[in-house]
Amino acid sequence: RHCLPFFRGRRCMPLLMLCLLAGHANAQRHPSVLTLKMPLGQGGTPIRVTIAPLMYGKDFAFSFTLDDGLISDYLVALPFFRGGRVAPGYTDEWGSDQGGDGRDYPGLFYTDGCGTQEAFRAAVALNALHIIADTARARGFLSWAMADSLRRAGWDVLSHGYRHLTGGGIDAWSEVQENNRAVEAHLHVRMRDFVIPGGHDDILSDGPY
């Protein structure tokens with residue numbers, strides 16, 4: 001899959017197959033080394049191979065993160081990006097409306113370089129302590145089932161600390177480890193990124209985390 005940015009068009013398919021076969025055979029012998037040998041004939045148009053800045057030669061990347069694992073991630077953002085009906089008004093436990101307008105939306109899509117339409121996705125920053133039981137009602141946070149639906153839709157899951165603790169005296173190691181264990185147990189995903197609960201202006205928490 002990662003070879004696709006290098007080879008475009010049907011005439012390049014033999015080179016793509018050579019890349020895949022050579023990589024597979026060599027990986028069997030040397031798991032930590034990948035060598036690609038490409039014999040080329042004389043004459044013809046010179047081949048120029050360059051590394052695309054982004055996969056599929058995209059011009060830019062836009063990262064969209066939803067904070068704190070709120071229920072609106074599932075009720076509004078997911079159907080809005082993927083296409084479908086967003087939820088109507090939903091009053092959470094704090095008296096805030098986390099719903100949308102109840103309308104149908106066509107979704108937002110991009111191509112994967114092979115003509116396949118892919119829905120735009122986002123990332124959710126989760127505090128495992130706040131994720132609620134699947135039977136809870138009128139709450140402001142995601143349930144584990146909702147969070148799993150986002151994961152299965154291709155959304156990324158980011159660690160945000162187990163309790164969302166901030167300040168200079170926190171046990172940052174415990175916050176990170178407890179959150180990682182809980183999320184992995186429920187969603188079967190290992191989080192690779194951490195979002196500081198207090199944000200980039202939280203100078204007290206920045207040191208411990």
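The table below lists the values:
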{"read-out": "Failed criterion for ARG137 (all others in (1) in a strand (DSSP E or B); (2) closer than 24 Å to GLY95 by Cα; (3) charged (D, E, K, R) hold)", "value": "(1)"}
{"read-out": "In the stretch 144-154, the residues that are in contact (Cβ under 8 Å) with a residue 40 or more places away in the chain and in contact with a strand residue (DSSP E or B) (Cβ under 7 Å, 6 or more places away or on another chain)", "value": "ALA147, LEU150"}
{"read-out": "Yes/no for SER63 being at pLDDT 85 or above, small (Gly, Ala, Ser) and open to solvent by 80 Å² or more (accessible area, probe 1.4 Å)", "value": "yes"}
{"read-out": "Identity of the residue in the stretch 114-126, in contact with a Ser or Thr (Cβ under 9 Å, 6 or more places away or on another chain) and closer than 19 Å to MET146 by Cβ, that ends up surrounded by the most Cβ atoms within 10 Å (Cβ to Cβ)", "value": "LEU126"}
{"read-out": "Residues within the stretch 156-169 that are assigned to a loop (DSSP other than H, G, I, E, B), without any contact (Cβ under 8 Å) to a residue 60 or more places away in the chain and open to solvent by less than 30 Å² (accessible area, probe 1.4 Å), tallied", "value": "2"}
{"read-out": "Contacts under 9 angstrom Cβ, first residue in the stretch 109-126 being at pLDDT below 85, partner small (Gly, Ala, Ser), 6 or more apart", "value": "GLY113/GLY57"}
{"read-out": "Residue under evaluation PRO53, criteria (1) within 17 Å of ALA122 (Cα to Cα); (2) out of contact with any helix residue (DSSP H, G or I) (no Cβ under 6 Å at 6 or more places or on another chain), criterion not met", "value": "(1)"}
{"read-out": "All positions within the stretch 94-113 that are surrounded by fewer than 14 Cβ atoms within 10 Å (Cβ to Cβ), under 26 Å from the mean Cα position of the chain (by Cα) and of a type in the set (S, T, N, Q)", "value": "THR111"}
{"read-out": "Residue, nearest to ALA123 (Cα to Cα), within the stretch 170-209, restricted to residues that are in a loop (DSSP other than H, G, I, E, B) and small (Gly, Ala, Ser)", "value": "GLY199"}
{"read-out": "Only one of ARG190, ARG137 that is of a type outside the set (Gly, Ala, Ser), modelled with pLDDT under 95, over 17 Å from ILE71 (Cα atoms) and open to solvent by 70 Å² or more (accessible area, probe 1.4 Å)", "value": "ARG190"}
{"read-out": "Any hit, the stretch 129-149, residues being within 19 Å of the chain's Cα centre (by Cα) and of a type in the set (Asp, Glu)", "value": "yes"}
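Table: residues versus (1) at pLDDT below 95; (2) touching a strand residue (DSSP E or B) at 6+ places or on another chain (Cβ under 7 Å); (3) on the phi > 0 side of the Ramachandran plot; (4) basic (Lys, Arg).
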position	(1), (2), (3), (4)
ASP97	no, yes, no, no
GLY107	no, yes, yes, no
VAL157	no, yes, no, no
GLU175	yes, no, no, no
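Here's the yes/no breakdown for (1) outside any loop (DSSP other than H, G, I, E, B); (2) of a type in the set (Ser, Thr, Tyr); (3) open to solvent by 80 Å² or more (accessible area, probe 1.4 Å); (4) modelled with pLDDT of 95 or more:
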| position | (1), (2), (3), (4) |
| --- | --- |
| LEU4 | no, no, no, no |
| LEU18 | yes, no, no, no |
| ALA22 | yes, no, no, no |
| LEU36 | no, no, yes, no |
| TYR56 | yes, yes, no, no |
| LEU75 | yes, no, no, yes |
| LEU78 | yes, no, no, yes |
| PHE81 | yes, no, no, yes |
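The values are calculated or read from the model by the stated rules, or taken from the named source; none is laboratory data. The structure displayed is predicted, hence computed values, not measured ones. All Cβ positions, even for glycine, are placed from backbone atoms using ideal geometry, and neighbour counts span all protein chains on display. In case anyone asks, the SASA skips ligands and DNA or RNA and just uses the protein heavy atoms, side chains included. Shrake-Rupley method; radii C 1.70, N 1.55, O 1.52, S 1.80 Å.
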